[in-house]
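The values are calculated or read from the model by the stated rules, or taken from the named source; none is laboratory data. None of the values given here were measured: they were computed from a predicted structure. Ideal geometry is used to build each Cβ from the backbone, glycine not excepted, and the neighbour counts take in all protein chains shown. For the accessible areas, the whole protein counts, side chains as well, though only heavy atoms, and no ligand, DNA or RNA atoms are used. Shrake-Rupley method; radii C 1.70, N 1.55, O 1.52, S 1.80 Å.
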Amino acid sequence: MSSYSGVKFLTSAAEAHQLAADTGREVAFAGRSNSGKSTAINAITRRAGLARVSRTPGRTQLINFFEVSAQRRLVDLPGYGFAKVPQKVRARWLGLLQHYFNVRESLVGLVLIVDARRGLGAQDVAMLEWVLARGRASHVLLTKADKLNREQALAVLTETRDACSDTGVSAQLFSAHSKQGLDEARAVLDGWLSGP
Ligand SMILES: Nc1nc2c(ncn2[C@@H]2O[C@H](COP(=O)(O)OP(=O)(O)OP(=O)(O)O)[C@@H](O)[C@H]2O)c(=O)[nH]1
Ligand SMILES: [Mg+2]
């Protein structure tokens, strides 16, 4: 199992030319604004404060790269779906995200972070389709599962797995707060990040 003991912030990109060098392997975390992407990265790497967490949606406006080990990275992408972000800013993020997914050869997989209370939304599905069309693997973390009871959590898991059934996309329950699903998520990342 891969260790995150050496994980460190690498660089941030606000523009296409600022992306980290496109070599080795990396896994990107995407999802709605405030869904819990940065919190999930911190929990998985056991490093509180690595990725910035905020109560204010739209906090992560940059593409943030974290180096796990030589040539292995986790990437915190700006969240989508936050209504209060001005149209101009939104268009810029979308352009940057599209560029990222179009050019990124080192991207091996996408972790889609979905608030378990909301389930998959239209933008989440669009994101999955887009990444699958580019031949990358995807895994859905239904996070904040600590906010649901067991029945509700199982219902959203089943619904999500059904929605993804013909795509090869996997899904699991997750909570950074209760630590539910941490090992399962780490195992997926290990699989993607190992190899040449
Ligand atoms: N209860 C609970 N709250 C969580 C969990 N994960 C994240 N949160 C809370 O959700 C809020 C948003 O978390 P972030 O990690 O900043 O979300 P984000 O997706 O990175 O947000 P943006 O960067 O704005 O796109 C914070 O208040 C977190 O404490 C979880 O597993 N359980
Ligand atoms: Mg964030």
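Given the criteria closer than 16 Å to Ala30 by Cα and either touching a Lys or Arg at 6+ places or on another chain (Cβ under 8 Å) or modelled with pLDDT under 85 (or both), does Arg104 qualify?
Here the answer is no, as Arg104 does not meet what is asked.
Going by the structure shown, is Val85 of a type in the set (A, V, I, L, M), outside any helix (DSSP H, G or I), surrounded by fewer than 22 Cβ atoms within 10 Å (Cβ to Cβ) and over 13 Å from the mean Cα position of the chain (by Cα)?
yes
Got a sec? Which of Val27, Val111, Val68 is in contact with a Gly (Cβ under 6 Å, 6 or more places away or on another chain) and away from ligand 2 (no atom under 12 Å from the Cβ)? Let's see the steps before the verdict.
Details: Val111 fails: in contact with a Gly (Cβ under 6 Å, 6 or more places away or on another chain); Val68 fails: in contact with a Gly (Cβ under 6 Å, 6 or more places away or on another chain).
Being in contact with a Gly (Cβ under 6 Å, 6 or more places away or on another chain) and away from ligand 2 (no atom under 12 Å from the Cβ) holds for just one of Val27, Val111, Val68, which is Val27.
Rundown of residues vs (1) more than 17 Å from Lys37 (Cβ to Cβ); (2) within 16 Å of ligand 1 (Cβ to nearest atom), yes/no style:
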{"site": "Ser106", "(1), (2)": "yes, no"}
{"site": "Ala137", "(1), (2)": "yes, no"}
{"site": "Asp146", "(1), (2)": "no, yes"}
{"site": "Arg150", "(1), (2)": "yes, yes"}
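Taking segment 1-23 on its own, how many of its residues are open to solvent by 40 Å² or more (accessible area, probe 1.4 Å), part of a loop (DSSP other than H, G, I, E, B) and of a type in the set (Ser, Thr, Tyr)?
So the answer is 4.
Taking the residues in segment 24-42 that are farther than 13 Å from Val111 by Cβ and part of a strand (DSSP E or B) as candidates, determine which candidate is nearest to the chain's Cα centre (by Cα).
So, considering only residues that are farther than 13 Å from Val111 by Cβ and part of a strand (DSSP E or B), the one nearest to the chain's Cα centre (by Cα) is Arg32.
Could you check segment 1-23 and list, in sequence order, the residues that are over 18 Å from Lys179 (Cβ atoms) and in contact with a helix residue (DSSP H, G or I) (Cβ under 9 Å, 6 or more places away or on another chain)?
We begin by selecting, within segment 1-23, every residue over 18 Å from Lys179 (Cβ atoms); these are 6, 8-23.
Across segment 1-23, the qualifying residues are Thr11, Ser12, Ala13, Ala14, Glu15, Ala16, Leu19, Asp22.
Identify, from the list Val85, Val169, Val131, the residue that is touching a helix residue (DSSP H, G or I) at 6+ places or on another chain (Cβ under 9 Å), at pLDDT 95 or above and not basic (Lys, Arg).
Details: Val85 fails: at pLDDT 95 or above; Val131 fails: at pLDDT 95 or above.
Among Val85, Val169, Val131, only Val169 is touching a helix residue (DSSP H, G or I) at 6+ places or on another chain (Cβ under 9 Å), at pLDDT 95 or above and not basic (Lys, Arg).
Is it the case, given these coordinates, that Val140 is touching a helix residue (DSSP H, G or I) at 6+ places or on another chain (Cβ under 9 Å) and over 25 Å from Val53 (Cβ atoms)?
Judged against the criteria, Val140 is not a match.
Select from segment 60-73 the residues that are open to solvent by less than 40 Å² (accessible area, probe 1.4 Å) and modelled with pLDDT under 95 and write down the one among them that is nearest to Tyr4 (Cα to Cα).
Across segment 60-73, the extreme among qualifying residues is Asn64.
Can you pull out the residues in segment 40-59 that are open to solvent by 10 Å² or more (accessible area, probe 1.4 Å) and either farther than 27 Å from Lys84 by Cβ or modelled with pLDDT of 95 or more (or both)?
Of everything in segment 40-59, those that are open to solvent by 10 Å² or more (accessible area, probe 1.4 Å) and either farther than 27 Å from Lys84 by Cβ or modelled with pLDDT of 95 or more (or both) turn out to be Asn42, Ala43, Arg46, Arg47, Ala48.
Which of the following residues is away from ligand 2 (no atom under 16 Å from the Cβ) and touching a residue at least 40 places away in the same chain (Cβ under 8 Å): Ala137, Ala176, Ala145?
Just a single option satisfies the conditions, and that option is Ala137.
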